[in-house]
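Readers should treat all values here as calculations from the given coordinates under stated rules, not as data from a laboratory. Quick caveat, the model's predicted, so the values are computed rather than measured. Neighbour counts run over all protein chains shown; Cβ positions are idealised from the backbone, glycine included.
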Amino acid sequence: MPDTVGVLKRADVGEDQPFILGPDGSDDLQLNRFLRELASWGVRSENGRLAYSRDIMLFCRFLHESRSGKTIWECDGADLRAYKVVRLRTPGPHQVTVGTWNRSIAALDKWVQWAIAEELLAGEPFAYVDKTVLTPQGLKQVRVNAQYEDDPEDAPPEFVSMEDYLLWRDVGLRGELPEGRPDPTWRGRHGERNAMFADTLVHTGMRLGEGSSLLISEVPPLHGARGIGDVRLSAAVTKRGKRRTVYLPKRVLRALHHYVEIERDELVQRVLSQGGYPVLEGDLLVARAGRHALRLLARQRQGAPAVIFLRNASREPMRIQVEKVVIGAHGALPPLRSRACHRSFRGRAARCRTFWKCRCRRARRFSSRSPDRSTT
């Protein structure tokens, strides 16, 4: 196992890294290298990388099952046109929207660019056309895949009113009846946590991945010199790696502290009673983490300094050679997964539809994205 872990690290394989296996279980080394290098080719979002990987996998499956066992390295424009007919034009449960199809085209175009740069393809297997588009800088001519589709549904987003959001939160996430009473048939779990999470996204504009990565040490104090609830989001969790600051209203900040002190603390104590969270050799136990330094737990120091600074005298970032930084005295509390949030929001929207048939379309569309900007 240590040798396996070392090989994966040297290949830059991170946690939850997708990979594609052939029909016989074989590993396409070059194709999976492309998936690992997506971030350096502009696809930095975890959700984006997963979506691109899924799109590439589905095209590979189509080639094998419907195009005489071809591999992606043998495909051509005729294969892509046939795939478009099946994927976009054929009615049925597997028919996709124009937006989803265009994302598949973007994934394949990215693969073509990468493969040509790596000299794995002699030329472009698909046809491209020049198209004039309106940009903020005026009309420009761009080169697009010939199978790209103009989206007829490309319209401004609809907005969910705060009233509708509060009903969705209380009825869908908290398990209340529309009039505000507890629903005796409710069998959901973690209602307060999910409602608090949704409130945090809605009132700050944080994305789903940003909110699910929030650390206890990053929650602003309720009282003190900092009069506003500013949350500094690290570049490691934000879109395109750009740090930014969001602000929590006092009401939401009080509710967040209430959740941390009561419901979350009860969860931590329950897990500790069952053996606690795993702390592995090489983990760095940290009591508090700031933008400039880490303060170690007393039992972690063992002759080491109490504080590790993250920048040197020249204010340049320094790298810490540890397996993992663990915030807190009891080990790592696993983060809330984005996929779990999506499933929770979708399921709760379905519950709302049982109460408001007239609002079923809004409830469904609201659940399909993170409610980070109160939009559908």
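Starting with the fewest neighbours, write out Trp186, Trp114, Trp168 ranked by other beta-carbon atoms found within 10 Å of each beta-carbon.
Exposure proxy ranking, most exposed first: Trp186, Trp114, Trp168.
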Seminar exercise, completed: Env charge @ Glu176, Cβ radius under 10 Å, K,R +1 / D,E -1, value 0
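Stick to Cα atoms and the Kirkwood definition of Rh, then tell me Rg/Rh for the range 140-202. Intermediate values should be presented prior to the final figure.
On the way: Rg = 19.7 Å, Rh = 15.1 Å.
When Rh is taken as the Kirkwood radius, the ratio is 1.31.
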Exercise. Can you give the relative contact order of the range 2-127 as a percent, counting alpha carbon pairs under 8 Å and 6+ residues apart?
Worked result: 19 percent
Seminar exercise, completed: Rounded to 0.05, the calculated FRET efficiency for the beta carbons of Val142 and Gln269 at R₀ = 56 Å is 0.45
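Would you mind ranking Glu179, Glu118 by Cβ crowding within 10 Å, fewest neighbours first? Could the numbers behind the result be given before it?
On the way: Glu179 6, Glu118 12.
Ascending Cβ contact count within 10 Å gives the list Glu179, Glu118.
Let me spell out the model: positive unit charges on the Cβ of Lys and Arg, negative unit charges on the Cβ of Asp and Glu, origin at the Cα centre of the range 191-250. What dipole size does that give, in debye rounded to 20?
Values: 10 positive and 5 negative charges, 73 e Å.
Here the size comes out at about 360 debye.
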For this session: Quote the charge dipole size of the range 2-127 about the Cα centre in Debye, to the nearest 20; the model charges only the Cβ of Lys and Arg (+1) and of Asp and Glu (-1).
Result: 520 debye
Problem set entry | Residue order, fewest to most surrounding Cβ atoms within 10 angstrom, among Phe126, Phe159, Phe345, Phe19 | Phe159, Phe19, Phe126, Phe345
Exercise. Which of Gly188, Gln147, Pro125 sits closest to the plus end of the dipole of the range 103-220, meaning its Cα is farthest towards the positive end, when Lys and Arg get +1 and Asp and Glu get -1 on the C-beta?
Worked result: Gly188
For this session: Would you mind checking the pairs Lys84/Lys242; Lys70/Lys239; Lys84/Lys131; Lys140/Lys239 and listing those with alpha carbons more than 30 angstrom apart?
Result: Lys84/Lys242; Lys70/Lys239
For this session: Take Val133, project a point 7 Å from its Cα along the Cβ direction, then tell me which residues of the range 36-59 have their backbone nitrogen under 17 Å from it.
Result: 42-43
For this session: Determine the sum of side-chain charges near Arg143: Lys and Arg each +1, Asp and Glu each -1, restricted to other residues whose C-beta is under 12 angstrom from that of Arg143.
Result: -1
Problem set entry | Neighbour net charge for Glu65 - beta-carbon separation under 14 angstrom, K R +1, D E -1 | +2
Seminar exercise, completed: Simple SL model, points at 7 angstrom along Cα→Cβ for Ala236 and Arg67; separation in nm is 4.0 nm
